[in-house]
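The values are calculated or read from the model by the stated rules, or taken from the named source; none is laboratory data. Bear in mind the structure is a predicted one, so any value in this text is a computation, not a measurement. All Cβ positions, even for glycine, are placed from backbone atoms using ideal geometry, and neighbour counts span all protein chains on display. These accessible areas exclude ligands, DNA and RNA; they are computed on the full protein's heavy atoms, side chains included. Shrake-Rupley method; radii C 1.70, N 1.55, O 1.52, S 1.80 Å.
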Amino acid sequence: MCVKLTNYVSGSWVEGADGGEPLLDPVRGAVLARVSSAGVDYRAALQYAREIGGPSLRQLTYEQRAQLLARIADVLASNRETYYRIALENSGSPKSDAAIDIDGAIYTLRYYAKEGATLGKRGFLLDGPMTALAKDESFQSLHVAVPLRGVAILINAFNFPSWGLWEKAAPALLSGVPVLAKPATATAWLAQRMVEDVVAAALLPPGALSIVCGRAGDLLDHVTGTDVIAFTGSAETAQRIRSHPAVARHSARTNIEADSLNVAILGPDVEASGAELDLLVKEVVKEMTIKAGQKCTAIRRILVPASRLETVAQAIRARLEKIRIGDPRNPEVQMGPVVSKSQQESVQDGIRRLAHECRVVYGGGEHFELLDADVSAGAFVQPTLLEHERPLEGRAIHDVEVFGPVATLLPYRDLAEAFTIAHLGRGSLVASVFTGDAAVAHAAALELAPTHGRVHVVSGEVGRTQSGHGNVMPMSVHGGPGRAGGGQELGGLRALKLYHQLSALQGPAPWLGTLADQAVQT
Ligand code: NAP
């Protein structure tokens, strides 16, 4: 009989009241565990976190909370091998994919532990200097950011059960805001196990960290104006969360990280034998195959000068042909399955929609060679490269996010046209630009920044040191406008803003001066 994962709420582990939903191995189809949130009292769980967890966390200083993050990272690091096994079984992740999720989480926690230590022993943050409100200096204004009094409700997507949890929990806990995590059902096991290990280590005050595995049920009915919802997932679910009556009624703060049609652009300056062309090709193949393309930041549209289209297509194709797909238990395997049979169906449906207006350059088949795996039992998808001849006339290419190993090549005439095509994505998480020409980089950065949360420029000189198109680094902001959700996470201590309330304090200058001395300038 398989294990049923328990939920940690109101300081206790509770089992869901029904039989629960199965968590499956996407390679073999075996049932690994069951999850259920049936019967979980979300109202009580949130109240406990608000009334018990929040005050205890806020009794600590930023520095002390930063130390807690470092200790969480140590606990997770000491259980790394267990997490790799869970990622292999429940997500079908080869070790290199699991590392992005698991070690990425530990790295992000350690980063915030270090950053948080610089905030010292204060109880609140300053935002800018004092400003005179009168003709003389006697009456002034001071902006302070104070920790929210509610709960950080972290609703996550299936593709990053570990990093998705901790990249949000780190700034929330550092801010002094308790966390209730709601991982995606399909891959909840890893997040649940990590929380179990952290709870067992008794590092955090009661109520600081809760987790519910299984469906959200009536969770959002109990949201108040002091809570914050940090959501990662599809645009469709984001829309449901935004328009939820309780969220709307209480103006509950929401941060939405949704889907995206990120671009990689090859500069018009790059020759067919140029270093940047080779770097773009490698990056595209990496982005298509890491986590079987299930990354919100993955390259979906590849923009190349029309004269370079064939060279780039052949180079990507040649690399894709060499990718070994199959059961990641075999160390030779480079790409595993997508997360589930239903996700496989959704990706194949997406490929069909793109193929309706595109030519398939490589892949697209439903029967292809696998290492140690059976195509009918596993949720495998062949890496698929498509090409659209007239991107300005395309529809699906700018609209359908195929969340798998799929990308489309798009030719452009000149740089202005490349920017127009990029903007047709209506707001994305990241654009990368491969160029050796500083003027191209400059124009692209300023033109793309309004519609992209991150612009990543790669020249031949930084080929070895660049951090990667799809890698989300905690020092840089993550999020994008428009269809990407309009959210903003990470970006160093900027991340703390989501979990603080900004207030303008107005009063006698000497009083404000004393207060300012107690705070930290961010
Ligand atoms: P999803 O179906 O939208 O689900 C996301 C989360 O929302 C899950 O935890 C889901 O729970 C929960 N949820 C569903 N309905 C809800 C409701 N009514 N109230 C509260 N929570 C609800 O997305 P997914 O399939 O897991 O993830 C894939 C998508 O995420 C892709 O579109 C991808 O682009 C996007 N993504 C974006 C980012 C980013 O940072 N921008 C990062 C990763 C992924 P259940 O699992 O229980 O349904």
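Before moving on, here are some points about what is shown:
- Candidates Glu81, Glu89, filtered to the one that is in contact with a strand residue (DSSP E or B) (Cβ under 7 Å, 6 or more places away or on another chain) and under 30 Å from Pro337 (Cα atoms): Glu89
- Subset of the stretch 94-127 [polar (S, T, N, Q) and either free of Cβ contacts under 8 Å to residues at least 60 places away in the same chain or open to solvent by 10 Å² or more (accessible area, probe 1.4 Å) (or both)]: Ser96, Thr118
- Candidates Ala504, Ala516, Ala495, filtered to the one that is within 30 Å of Arg50 (Cβ to Cβ), in contact with a Leu (Cβ under 9 Å, 6 or more places away or on another chain), modelled with pLDDT under 95 and not in a loop (DSSP other than H, G, I, E, B): Ala516
- Of the residues making up the stretch 128-151, those that are open to solvent by less than 20 Å² (accessible area, probe 1.4 Å), within 25 Å of Leu180 (Cβ to Cβ) and of a type outside the set (A, V, I, L, M, F, W, C) are Pro147, Gly150.
- Candidates are the residues of the stretch 198-221 that are more than 12 Å from the ligand (Cβ to nearest atom) and part of a helix (DSSP H, G or I); the one that is most open to solvent (accessible area, probe 1.4 Å) is Ala200.
- Flag for Ala431 being in a loop (DSSP other than H, G, I, E, B), under 30 Å from Thr187 (Cα atoms) and either touching a Pro at 6+ places or on another chain (Cβ under 9 Å) or modelled with pLDDT of 95 or more (or both): no
- Residue among Ala373, Ala355 that alone is open to solvent by 20 Å² or more (accessible area, probe 1.4 Å), at pLDDT below 95 and either in contact with a Phe, Trp or Tyr (Cβ under 9 Å, 6 or more places away or on another chain) or not acidic (Asp, Glu) (or both): Ala373
- Filter result (of a type in the set (A, V, I, L, M), closer than 21 Å to Val263 by Cα and open to solvent by 20 Å² or more (accessible area, probe 1.4 Å)) within the stretch 464-522: Val472, Met473, Val477
- Residue list for the stretch 278-305, restricted to those being assigned to a strand (DSSP E or B) and more than 16 Å from the ligand (Cβ to nearest atom): Ile302, Leu303, Val304, Pro305
- Pairs, first under 17 Å from Ala191 (Cβ atoms) and touching a residue at least 60 places away in the same chain (Cβ under 8 Å) in the stretch 64-85, second small (Gly, Ala, Ser) and in a helix (DSSP H, G or I), C-beta under 6 Å, six or more apart: Leu69/Ala113; Leu69/Ala170
- So Ala272, is it open to solvent by less than 60 Å² (accessible area, probe 1.4 Å), modelled with pLDDT under 95 and either farther than 26 Å from Pro481 by Cβ or more than 22 Å from the chain's Cα centre (by Cα) (or both): yes
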